[in-house]
Amino acid sequence: MLLLVLALAQGPIELRPGMVITQSVVIKTKTYHLSGAPITIRGDSIKVDFGGATLLGSGPEVEPDQRRDTAIVIAGGHDIQILNARIHGYRLGILARGVERLTIRGSDVSDTWKPRLFSLLEHESLVDWLSFHHNEKDEWLRFGAAIYLQDVKGAELRGNVAVGGMNGLMLVRSTGVVVRDNNFSFNSGLGIGLYRSSDDTIVHNRLDYNVRGYSHGRYSRGQDSADLLLFEQSCRNYVAFNSMTHGGDGIFLWAGQTTMDSGTGGANDNVFYGNDVSYATANGIEVTFSRNDIIGNRAWGSEYGVWGGYSFGTRIAANDFRGNRTGIAIEHGQNNTIDGNLFDRDSTAIRLWADSIQPSEWGYPKHHDTRSHSYWITGNAFVGNHVGLRVRNTQGVVFERNRANGVDSVLRWEPIPDFQVGALNADTVPDRRDTVPPPGPRSSSTNGAPTTGNRPSCGSSAGTRARCRATGSWCSARNRPNGGGSSSRVVSRNCRPRGGSAATRFSSPRAHATIGR
C-alpha cells in the first residue's frame, strides 16, 4: 500500500490510493479511479479543497450492491474541512471518527452502496425490512452511507448532496452537529439517521423519497425506511423547516433498547417544528416511548399523521393534518397535550387507546406506567372528519374549546372514560414537563388524573414548578396538578396571561396549523 505523507505542498496535488494528508492542500481537478485503501486525513487544522475533483470507486456498470471500499477516512484531530468533493461508487463515502470541529461543504457523495431489493411490483418481500435498532458494535456500517460521523463533537454539513444510495448521513454518538441546506433524498433506507446523538441541529434540508416497500395501488409498507431517524437516547435535537415527504416515515423516533429494558430514559426533548412530513407510506411522524414537542408541521396524506405509541409528556400543537387515515394515534400514552391543530378530512382525527395485554418480553411495562391517561385536547379544529376523537380504555381526558364542521361523529369512546369538558381554567394548560409520572410502580390514583413525579430524560432532572401554557410564566409547586379529583385539574389561578388569554391565542387553529407551509 502506498503511503504518501504530505508535508508542505506547493500547488494542486494529485491523489493516490492510500494517501495520507497531514496538511492543508488543494486537489488537482480531475477524475480519480481509486479503490482499495482510502485517502486518510490525519492531524489538526487541515483544509482539503477538492475543487470539484471526482473520486470514483466503481463505474456505472457495477451493480450498487457490489460497491466496495471507503473513499475518505478522517482519523481524529480537530478543525478539519472537506470542501467541494465529488465521491461516487463506494460503500462509504466519508467516514469521520473522533473529530472535533469538522466541516463538510459543497460535496456530492451520491451513488453509494445499496442492497438489491426482493420486493416486486405485485407483492413485498419481508427480507427487505430494515432494522436500525442496534449499533453498539458498529452494526450500521454494514449498510454503508454517503457520510458517516462517529464520536464527532461539533460539525457543520452544508450544501452537500447524497442521493441514489441506501443511507445519506449517519450520526453516531455525535453532538453539536449542524446539518443545513443539504439534499439527502432518493435513498432506499434513510436520509439522515441518529444513534445516541444529541444536541444536533437539522434545518432547511431536502430529505424526500427515502423509501422502500411501496408499490402504488398494491402495497404501502415503508419497511422502516425514513427521511429522518432518531434512535436510542437521541435527545434535545432541533429539527425545523425540512422537507421530508414521500418517505417510509417522514420522522421515525424510537427511545431505544435501553428504555425498552429499563423503562427509563428515552429519545426525549427533541423539537420538530415547521417540517413537511407529508405522503409517507406509513407515518408522517412516529415518536414512541419518549417525550417531545411536535409543533407547526404539515402532515398530509399518510396512514398516520403522528403515531405516538407510549408517548408521555408530549405536546402536539399547531400542526396541519389533512387526508390521513388517522391524524394522531397514541396507544398507552400519558400526560400529552394536543392543542391548536387543524384536522382536515382525516378519517379519524384523534385516536387514544390502551390494550389489555402487552408483549411479555418487554421490560418497559414492568417498570413504567403504561395506562392511557391524562390528555388535554384544546383549541383544535375538526373539518370533514368521520370521527373527531375516538377513545378506548383511557382516563382523564379534557376536551374543550375545540371546533367542528362537517364531522360525522365528534366523540366516540368505550368504555366511558373520565371525560371532562371545561375542567381546566380557560387561561392555562398544564406544562407537559411537570406532569410526567415517574418510572416505577403505577400511581395509586384511580381517576386517571395527571400525577406528579420526576422528569425522566437522557439524564434526569426533577421538575419543581408548573408553567402556564398560555403565558409561559411559572406557578408555585403547590398548585401543580395532582392525583386528586376533578378540581385538582385546575392549574393555579395565580397565573395570568400576558397579551391575551389562551382562548384568544388559539382562536384560529387554521392559522396556527399553517406554520409549517
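Just so it is clear, none of the values below were taken in a lab; they were calculated from the coordinates. Quick caveat: nothing in here was measured; it's all calculated off a predicted structure. Counting neighbours? That spans all protein chains shown, and the Cβs are built from the backbone with ideal geometry, glycine included.
Things worth noting here:
- The charge dipole of region 147-294, taken about its Cα centre with unit charges on the Cβ of Lys, Arg, Asp and Glu (plus for the first two, minus for the last two), comes to roughly 220 debye.
- Spatial separation of Cα centroids for region 8-86 and region 222-294, in angstrom: 33 Å
- Summed side-chain charge close to Arg390 - residues other than Arg390 whose Cβ falls under 11 Å, Lys, Arg +1, Asp, Glu -1: +2
- Under 20 Å from the Cα of Lys137 - aspartates and glutamates, other chains or at least 8 residues apart: Asp69, Asp151, Glu232, Asp261
- Footprinting exposure proxy ranking of Phe50, Phe118, Phe272, fewest other C-beta atoms within 10 angstrom first, gives Phe118, Phe50, Phe272.
- Region 225-384 pair-distance distribution - Cα-Cα, 10 Å bins, rounded %: 12, 43, 35, 9, 0
- Applying 0.36 nm per residue to the separation of Ser262 and Leu121 and subtracting their alpha-carbon distance, the gain on full extension is 46.6 nm.
- Among 34-42, 80-88, the peptide with the highest mean count of other Cβ atoms within 10 Å heads the list, and the full ranking is 80-88, 34-42.
- Sequence of Ser110, Ser374, Ser311 once ranked by neighbouring C-beta atoms within 10 Å, starting from the fewest: Ser110, Ser311, Ser374
- Counting charges near Tyr90 (Lys, Arg +1; Asp, Glu -1) among other residues having Cβ under 9 Å from its Cβ returns a value of +1.
- Region 154-283: Rg to Rh, with Rh as the Kirkwood radius over Cα pairs: 0.97
- Taking Trp300, Trp254 and counting other C-beta atoms within 10 Å, the order from fewest to most: Trp300, Trp254
- Distance between the C-alpha centres of region 100-144 and region 302-369: 28 Å, rounded to the whole angstrom.
- Cross-link partners of Lys28 among aspartates and glutamates (Cα-Cα below 13 Å; sequence separation of 8 or more within a chain): Glu14, Asp49
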